[in-house]
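Working notes for the structure below.
The values are calculated or read from the model by the stated rules, or taken from the named source; none is laboratory data. Please read all numbers here as calculations on a predicted model, not as lab measurements. Here the Cβ positions follow ideal geometry from the backbone for every residue, glycine too, while neighbour counts run over all protein chains shown.
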Amino acid sequence: MKNSLLIEKAYLSGAFISSKKTFEVINPSTLKPVGSLPDLTVKDCQKFIDTAHKSWEAWKSTPVGERSKMLRNLYNLINEHKQELAEIMTLESGKPLQESLTEVDYANSFIDWFAEEGKRAYGETIPSLAGNTRMQTIKQGVGVVAAITPWNFPLAMITRKVGPALAAGCTVVLKPASQTPFSAIALAKLADKAGIPKGVFNVITSKDSKGIGKELATNEKIRKISFTGSTSVGRTLMEQAASTIKRISLELGGNAPFIVFNNADIDKAVKGAVSGKFRNTGQTCVSINRFYVQEEVYKEFSTKLTEAVKAIAVGDGLKKGTQVGPLINSEGLKKVEEHVQDAIDKGAKVATGGKPIKGLFYEPTVLIDMPKDSVISTEETFGPICALFKFKTEDEAIKLANDTPFGLASYFFSENVNQCFRVSEQLEAGMVGVNTGLISNASAPFGGVKQSGLGREGSKYGLDEYIEVKYICFGGI
Ligand code: ADP
């Protein structure tokens with residue numbers, strides 16, 4: 001496949017660079033290589049940081065209107081190259097092409113949003129208590145930002161960090177996941193074309209996530225680290241960032257509950273369940289992990305969901321009609337197999353699926369009569385498994401939903417407006433989907449509570465993550 005954006009290089013100071021040592025990126029659908037990229041070292045990483053640091057001076061003084069125009073150019077270029085970007089994404093992540101096309105739009109919506117939002121970093125005037133001062137605040141970018149992103153959304157997890165960072169006048173060193181770095185380099189190519197000055201956005205590729213992560217988290221020149229990935233890596237980065245008191249945003253794992261109450265519209269709930277569960281083969285941090293269904297509707301919901309799941313087409317993301325692709329790698333597949341086996345061993349029944357297909361593919365699965373002590377009730381599966389638990393009362397459902405150290409997304413279906421208010425207020429989660437399985441968009445604050453993270457991405461709050469408030473006091477008036 002010819003694709004002008006598939007570039008086997010890293011991006012430093014406006015140049016596409018190679019190195020002797022490289023690593024391969026594997027297509028999880030075919031298990032064949034997509035290509036190779038420079039396997040850069042911690043020493044190289046220091047060069048990336050120095051470059052971003054040097055470029056910060058000019059970038060922060062560039063008028064916000066100009067920065068906004070460059071982001072707008074980037075937005076237009078992403079639109080023009082949508083098909084190529086989506087193909088790269090499908091090749092390296094395995095997600096169906098239609099989903100990749102949707103992700104490109106979603107990713108670009110953050111560029112669109114922050115190109116505008118950057119212009120609205122308003123300061124304030126503050127009434128002077130004694131009257132003899134004049135007090136004001138201004139908002140300034142925090143400085144050099146390190147962004148570390150995962151493989152499950154190879155483009156969108158980048159733009160929702162890089163969009164606000166650039167808009168706020170910060171420069172960036174990005175370390176994309178080693179499974180999906182080609183989408184990041186393609187973005188760098190378009191940023192280059194958009195006129196974003198050299199050194200402002202840099203992309204380091206490496207297999208040494210640990211070493212590079214530590215350098216980014218401890219180097220004094222980095223003022224902010226923004227990470228999306230697992231809770232355990234987030235915890236490590238937070239500890240490391242403490243050494244230089246860096247600003248930090250963490251978007252970590254979830255264990256999303258999906259509650260179906262007796263008075264829910266069951267057909268709507270089934271639709272919501274399928275969209276909230278099978279996007280990206282269940283490998284998103286807001287994917288439903290635990291279904292809690294109230295007694296009276298348990299049978300109807302499980303029967304209708306099973307029918308819907310049986311109809312899902314699994315295959316190579318480039319094949320027309322594919323709805324669900326493979327797991328990202330053999331560890332991901334192994335985790336799914338172990339979670340299903342554990343549930344079966346403890347008494348769950350398989351309504352459909354329950355087996356690997358071939359390669360990294362796994363059957364879309366519905367498990368019913370889930371036992372309370374199964375691993376799925378406490379750990380994120382990150383796969384195409386619907387695990388259905390039964391409950392009796394609203395209080396019980398809320399207790400079960402909140403019985404986790406995580407608190408990212410949660411969902412419930414109910415046609416009773418009073419219940420909708422009660423339950424949404426009691427769920428311990430950063431985000432609640434009421435009668436919907438899809439909640440993410442650029443204008444909404446995305447983020448978690450408890451061990452699901454710190455900070456919010458997207459929305460008007462997303463810009464604040466990259467901004468310091470400076471207070472200025474004029475005395476002797
Ligand atoms: P996932 O389960 O999504 O792969 P990870 O937290 O392992 O979650 O990975 C998310 C991102 O963090 C990836 O870019 C990965 O390369 C990077 N990463 C993994 N380990 C570390 C680490 N110790 N320090 C910094 N980054 C890391």
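For the reader, a short list of remarks on this structure follows.
- Subset tally (residues that are surrounded by fewer than 22 Cβ atoms within 10 Å (Cβ to Cβ) and in contact with a helix residue (DSSP H, G or I) (Cβ under 8 Å, 6 or more places away or on another chain)) for the stretch 259-270: 4
- Check on T228, closer than 21 Å to I467 by Cα, of a type in the set (S, T, N, Q) and away from the ligand (no atom under 15 Å from the Cβ): no
- Counting only residues that are outside any loop (DSSP other than H, G, I, E, B) and among the aliphatic types (A, V, I, L, M), the stretch 312-347 holds 7 of them.
- Among the residues making up the stretch 198-225, a single one is within 28 Å of M70 (Cβ to Cβ), near the ligand (Cβ under 10 Å from one of its atoms) and among the polar types (S, T, N, Q): S206.
- Residue in the stretch 238-258 that is of a type in the set (A, V, I, L, M, F, W, C), closer than 29 Å to G35 by Cβ and surrounded by 21 or more Cβ atoms within 10 Å (Cβ to Cβ) present: no
- Filtering the stretch 235-267 to residues that are of a type outside the set (A, V, I, L, M, F, W, C), under 25 Å from N152 (Cβ atoms) and more than 7 Å from the ligand (Cβ to nearest atom) leaves R235, E239, Q240, K246, R247, S249, E251, G253, G254, N255, P257.
- Test: residue in the stretch 415-424 that is in contact with a strand residue (DSSP E or B) (Cβ under 8 Å, 6 or more places away or on another chain), assigned to a strand (DSSP E or B) and of a type outside the set (K, R): no
- Among the residues of the stretch 349-382, those identified as farther than 30 Å from C420 by Cβ and not in a strand (DSSP E or B) are G353, G354, K355, I357, K358, G359, L360, F361, E363, D373, V375.
- Counting only strands (runs of 3 or more DSSP E) wholly contained in the stretch 3-71, the ones carrying 1 or more residues that are under 24 Å from the mean Cα position of the chain (by Cα) occupy 10-12, 22-26, 33-38.
- Checking each residue in the stretch 125-159 for being assigned to a helix (DSSP H, G or I), within 15 Å of the ligand (Cβ to nearest atom) and not small (G, A, S) picks out M157, I158.
- Taken over the stretch 99-131, residues that are surrounded by 15 or more Cβ atoms within 10 Å (Cβ to Cβ) and in contact (Cβ under 8 Å) with a residue 40 or more places away in the chain amount to 17.
- Every pair of residues 6+ apart whose Cβ atoms lie under 9 Å, when the first sits in the stretch 375-387 and is not assigned by TED's automatic domain parsing to the domain that holds H339 while the second is part of a loop (DSSP other than H, G, I, E, B) and of a type outside the set (V, I, T): none
- Filter result for S178 (outside any helix (DSSP H, G or I), within 16 Å of the ligand (Cβ to nearest atom) and not acidic (D, E)): yes
- Checking the stated criteria, S61 turns out to be of a type in the set (S, T, N, Q) and loosely packed, with under 15 Cβ neighbours inside 10 Å.
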